[in-house]
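Have a look at the structure below, then the notes.
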Amino acid sequence: MAKYPFLQETKEHVSKLDIDVEELEEVERIVERARERIFASFEFVSYFSQKPSKDLEVEIFSFPVSIMLVTGVKDNALTERFALHEAGTIFEYLRKEKSETILDIAQSFDWRIRETKQSPHPFAMHFINYLKNATRGRLVHSPEWKLVNRQLHKGEVHVSTREVCRLLQEEMKKYIEDMAGKKISTVPQNIQEVIDEIKSEFSKRKPHLSEFDKIVKAEESEYPPCIRIFLDRAVEGQHLSHTERFTLVTYLLHQGVSIDGVIKMFANVADFKENKTRYQVEHLAGQRGSQTEYRPYNCSTLKTHGACPDSDDPICHTIKSPLTYHLRKKPTEGKA
Ligand code: SF4
């Protein structure tokens, strides 16, 4: 229940305890944990370095309370960021679950899904459930998620375990955003003080967040397929090989992304250490050591290292370096 706060069992458990907002004035630890969850979403705290409360009741209650606090701030950017972070944390839990648990959770969202146990796609899900989630968030920009690139048989899309978890992540993000979009009645004074504190701290971080968003979302459609995939994996906290990290960092630096912006890309990666990452990024930007400004590997080197996703993208057939992708992208789109 603490891991999956959207489940019916959790809701029933919370309602049975019959705690109302007034009583929450007394429950400082719940409010503190709820506050921590929200701060983690805009301070780029890794999913792995979060410390859930050892008291399960505190952990369970901190979810609805954090939704209440986010609702109170009334800022769509915070709502989205909080939903993204919570859904990302749940994705990390889900990946380690047995297939029966994953199926149970998917079915709690009324998905039509079954286990086929066939590698590499051990699940088959109804294409409507697939489409609804594969067209949300960052997935919408990735060719690998487009329905035309999938195996579709009798209305079912065949997917890997990781893909089911990733699609569930989008479902959960939407669920949390909807919950936080509801109106709340008046809140007690001490809760209002926490809301005001979150509002103030979030507005201080907002200028940096917008650069992060610009990198991840707005210009994403102009990034070559390899960079989109590396970026997606870095933001989700997944491991990148040395070649992939080097390519992503040097590419972003060449696109004019600041050193701080690049460092934030890696905040969710399991072994993230800000000082070490800063040193490496500054080195690649030519601010340390030999003062050489490094360039990304060219396409043939990336292919040799297995880091090119072997894209069907027609632009990829006309370029030698990921750096020139966006130069071809604009005229092509203009003609279309
Ligand atoms: S061809 Fe080049 S730009 Fe395209 S995905 Fe492969 S490495 Fe990236």
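For this structure, a couple of remarks:
- Of the listed requirements (1) surrounded by 21 or more Cβ atoms within 10 Å (Cβ to Cβ); (2) in contact with a His (Cβ under 6 Å, 6 or more places away or on another chain), residue 160 misses just one: (1).
- Note on region 290-305: residues that are more than 7 Å from the ligand (Cβ to nearest atom) and open to solvent by 80 Å² or more (accessible area, probe 1.4 Å) total 5.
- Of all residues in region 226-249 being open to solvent by 10 Å² or more (accessible area, probe 1.4 Å) and near the ligand (Cβ under 10 Å from one of its atoms), the one that is modelled with the highest pLDDT: 226
- Test: residue in region 67-76 that is within 17 Å of residue 1 (Cβ to Cβ) and either modelled with pLDDT of 85 or more or open to solvent by less than 20 Å² (accessible area, probe 1.4 Å) (or both): yes
- Tally, over region 90-104, of residues that are open to solvent by 20 Å² or more (accessible area, probe 1.4 Å) and modelled with pLDDT under 90: 3
- Members of region 143-157 found to be surrounded by 17 or more Cβ atoms within 10 Å (Cβ to Cβ) and either out of contact with any strand residue (DSSP E or B) (no Cβ under 6 Å at 6 or more places or on another chain) or among the aliphatic types (A, V, I, L, M) (or both), listed by number: 145, 157
- Within this structure, residue 308 passes the test of being surrounded by 18 or more Cβ atoms within 10 Å (Cβ to Cβ), within 12 Å of the ligand (Cβ to nearest atom), in the same structural domain as residue 224 (by TED's automatic domain parsing) and in a loop (DSSP other than H, G, I, E, B).
The values are calculated or read from the model by the stated rules, or taken from the named source; none is laboratory data. No experiment lies behind these values; they were computed from the predicted model shown. Using ideal geometry, Cβ is built from the backbone for each residue, glycine included, and neighbour counts are taken over all protein chains shown. Accessible surface areas use protein heavy atoms only, side chains included; no ligands, DNA or RNA. Shrake-Rupley method; radii C 1.70, N 1.55, O 1.52, S 1.80 Å.
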